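Asker: Dropping the structure in here first, questions after.
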């Protein structure tokens, strides 16, 4: 879990199963990974970034990336 508490910050989590939250005006960057059984390892499939605007991406709300989109997650 990553949390950016300052103004104009960036919370970047590019590892497997990362979540992030930030203040309005800051940015979150997250990666989505899928396990590939053929090669027995995780592979990155998507990296997204978004500015916390308070509407599409809410302030102080944790997000993860699922199926190529930001999804809210609980604490």
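Throughout, read-outs are computed from the coordinates displayed, never taken from laboratory work. Since the model is a prediction, treat every value here as computed from it, not as a measurement. Methodologically, a virtual Cβ is constructed for each residue, glycine included, from the backbone with ideal geometry; neighbour enumeration extends over all protein chains shown.
Asker: Name the residue, out of 55, 59, that is under 14 Å from residue 4 (Cα atoms) and part of a loop (DSSP other than H, G, I, E, B). Steps first, answer last, please.
Answerer: Details: 55 fails: under 14 Å from residue 4 (Cα atoms).
Result of the check over 55, 59: 59.
Asker: Additional query: Condition first: surrounded by 18 or more Cβ atoms within 10 Å (Cβ to Cβ) and not in a loop (DSSP other than H, G, I, E, B). Now tell me which residues in segment 13-28 satisfy that.
Answerer: Just the residues of segment 13-28 that are surrounded by 18 or more Cβ atoms within 10 Å (Cβ to Cβ), to begin with: 13, 18-22, 26, 28.
Passing the criteria: 13, 20, 21, 22, 28.
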